[in-house]
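The values are calculated or read from the model by the stated rules, or taken from the named source; none is laboratory data. What you see is a predicted model; the values in this text were computed from it and never measured. Cβ sites come from the backbone with ideal geometry, for glycine too, and all protein chains shown count toward neighbours. Remember, those area values only see protein heavy atoms, side chains included, never the ligands or the DNA or RNA. Shrake-Rupley method; radii C 1.70, N 1.55, O 1.52, S 1.80 Å.
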Amino acid sequence: MLSERLMKALNDQVNYEFYSAYTYLSMAAYAESEDLNGFANFFRVQAQEELFHAMKFYDYINQMNGRVLLENIEKPIIEFKNPLDLFEHGYEHEQTVTKRIYNLTNIATEEKEHATISLLKWFIDEQVEEENNFNTIIKKLKRAESNPAALYMLDDELATRVFVPPTTNQA
Ligand code: MG
């Protein structure tokens, strides 16, 4: 059985991953309203990934004989200026998530909970990818600034993203 403190921290992260999904769905809704369907697709897939993350923590809490206690999900940001603004918010959000995962890892390390450390290792690697995804698109968007053709090319590129659930042994 995990400590109450670690259980609570993991439970908070379930909530935060749902909040992440909500945040990205809000970004998809904005892109959709601007007829940027590729951008909308990117954020819809991102929201699916976040639901997967939430369920990964959810399943782990159950496996460790804990009980998931769902909380209110905070209202996501809904006002955006442009596509660059979306990705800058997204990047900032992912940096916050990384800090949270590091904090969870610190708690698990302090408590010598190696199984939890192993779970969190997966999330640490995932965060490197998440931050890099956002950062790469920010750079592309900055280069595309004041060039609508480049913006639409990027929109086409992002339309191809699909959600691939990680296989069980990776997950
Ligand atoms: Mg996540």
Worksheet, complete the sentence: Residue by residue through region 75-82, the couplings from Karplus 6.51 cos²θ - 1.76 cosθ + 1.60 with θ = phi - 60°, in Hz, x for Gly and Pro, are 5, x, 4, 10, 9, 9, 8, 6
Discussion item. Report, to one decimal in Å, the Kirkwood hydrodynamic radius for the chain based on all distinct Cα pairs.
Written reply: 16.9
Practice prompt. Among 51, 78, 27, flag the residue with its Cα farthest along the positive direction of the charge dipole of the chain, charges on Cβ as +1 for Lys/Arg and -1 for Asp/Glu.
Written response: 51
Practice prompt. Take the solvent-accessible surface of the protein heavy atoms, probe 1.4 Å, and return the percent of it on the chain that carbon and sulfur atoms account for.
Written response: 51
Worksheet entry | Between helix 148-158 and the chain: long-axis angle, C-alpha atoms, 0 to 90°, nearest 10 | 40
Fill in: Backbone HN-Hα couplings from phi across region 130-140 [Karplus 6.51/-1.76/1.60, Hz, Gly and Pro as x]
4, 4, 5, 4, 5, 4, 5, 5, 4, 4, 5
Worksheet item: How far is helix 83-110 tilted off the main Cα axis of the chain, in degrees rounded to 10, range 0 to 90?
Response: 10
Discussion item. How tilted is helix 4-33 with respect to the longest principal axis of the chain? Cα atoms for both, answer in degrees (0 to 90, nearest 10).
Written reply: 10
Worksheet entry | Straight-distance crosslink candidates among aspartates and glutamates, where the alpha carbon sits under 18 Å from residue 112 and sequence neighbours closer than 8 are dropped | 4
Worksheet item: With Cβ to Cβ distances under 12 Å as the rule, what net charge do the other residues near residue 41 carry (K, R +1; D, E -1)?
Response: -2
Discussion item. Between region 114-143 and region 1-80, what is the separation of their alpha carbon centroids in Å?
Written reply: 15
Discussion item. Is there a quick way to get the dipole size of region 1-114? I mean about its Cα centre, with the Cβ of Lys and Arg at +1 and of Asp and Glu at -1; what is the value in debye to the nearest 20?
Written reply: 380
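Given 75/140; 81/140; 75/142; 8/121; 75/121, which pairs have Cα atoms separated by over 22 Å?
Among 75/140; 81/140; 75/142; 8/121; 75/121, the Cα-Cα distance tops 22 Å for 75/140; 75/142; 75/121.
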Fill in: Point-charge dipole on Cβ atoms (K/R +1, D/E -1) for region 71-125, about Cα centre, debye to 20
100
Worksheet item: With every protein chain left in place, what is the accessible area per residue of the chain in square angstrom, probe 1.4 Å?
Response: 56
